[in-house]
Amino acid sequence: MPTGAIPVRPLSSVAVAELITAAQTLLSTVGSSADPALLAQVPHVAASLSGDIRHACRPVDTDDGLFVLRGLPVDDEELGPTPHHWSGAGNAGALYDVVLLLVSAVMGTPLSWEGQQDGRFVHNIVPSAGHEEEQTGASSSVLLSPHTEDAFHPGRAHLLVLGCLRNHDSVATTAASIRRVELNAGDVELLSLPTLPILPDDAYAEARSYQGEPPSVPTLWASEEGLTLRFDPAYTPLEKASEEHREAYGRLEAELSRVSVAVALTPGDVLVVDNDLVVHGRVPFQARYDGTDRWLKRSSVRVPGRRTRPPAERLEHGYGQSAVAAYR
Ligand SMILES: [Fe+2]
């Protein structure tokens, strides 16, 4: 898998200092990155950030469908051990929670889910004992297969923001853009029909027992800006589709695998993935559970007014889950 040219947007030392100072100031008045009083301040502080930061946070502007903000400092010792489970993270790495919230607020509106990680707006992605083989961020020993984040839901993020705090083993995140894929017109047409549902993933226990009929959704969508996708094969009942459809889906999967790139994030990197263009995953790794494991922070962003999804999505029930905006 190529590891080459990922668009990197370096943050100047001035921009880094500005972000860190803004985050420290917010935290010093409130204390916890999950406090609603801090969230209420985020859009105002984000709006006051300099043009350099706004420029670095501009929308993705290449067919890669992603970019990396680089330059934030992380002191590995000061950070403390990697939590063993998201629920034990507490306020660990809180400064980076706030930095992520600020850059997220420059790009759009941060989102959370009532049913995930206690409704927090910044999630901790750490390997957890007993979850090694799941298709969620808590896994480790299996390939986390390429997927659209929260593909089951119409309120899913437009942008996925992954901040790396620790990655001693250079565990790679994978990313594949629909804009790099080559498919024939017949396959595009077939995969643009609402044929199969995408069921909620293992991170949403409550949604998985929802009683409503799962809506069938298209895999591909020809938006005004170009082709977009909604893809999560691990939670798509492909056996219910025709053979013709399964074959087209298989060719899409093969193409995504062909164009997939591996990004080994280094501490301080913030990877921004356009969730309508790019499916992401992670290579397998061996978790140690000794405080030195890979540790990412994740925020989800909605971009108001974006038209990269079929209008019919608005009628979906979302399996009883609702995405909550950090502010209005
Ligand atoms: Fe994911």
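For the reader, a short list of remarks on this structure follows.
- Leu143/Val324 FRET efficiency (R0 30 Å; Cβ-Cβ; nearest 0.05): 0.45
- Given charges at Cβ of Lys, Arg, Asp, Glu: the chain dipole, positive-most of Pro200, Pro237, Pro7: Pro7
- Cβ charges +1 (Lys, Arg) and -1 (Asp, Glu), total dipole of segment 8-325, debye: 660 debye
- Note on segment 272-325: Rg/Rh from Cα positions, Kirkwood definition for Rh, rounded to two decimals, is 1.08.
- The chain: angle of helix 243-259 to the longest principal axis, Cα-based, in degrees nearest 10: 30 degrees
- In the chain, the longest principal axis of the Cα atoms and the axis of helix 36-47 are about 90 degrees apart.
- Spacing of the two label points (7 Å from each Cα toward its C-beta) at Val283 and Ala264, in nm: 0.7 nm
- Treating each Cα of the chain as an identical point scatterer and summing with the Debye formula, the log10 of I(q)/I(0) at q = 0.09, 0.10, 0.15 Å⁻¹ comes to -0.44, -0.55, -1.31.
- Per DSSP, loop trypsin sites (Lys or Arg not before Pro) in segment 213-273 with at most 10 further Cβ within 10 Å: none
- Residues Ala234 and Asp63, FRET efficiency given R0 of 22 Å [Cβ-Cβ distance, rounded to 0.05]: 0.30
- Computed extension gain for Asp75 through Thr29, at 0.36 nm per residue and net of the alpha carbon distance, reaches 14.3 nm.
- Between Leu315 and Asp118, the modelled labels are 4.0 nm apart [label points 7 Å from Cα along Cα→Cβ].
- Here the calculated FRET efficiency for His44 and Glu243, from their Cβ-Cβ distance with R0 = 45 Å, stands at 0.25, rounded to the nearest 0.05.
None of the figures in this text is laboratory data; all of them are computed from the coordinates on show. Since this is a predicted model, take the numbers as computed values, not measurements. Please note: Cβ atoms are built from the backbone with ideal geometry, for glycine as well, and neighbour counts cover all protein chains shown.
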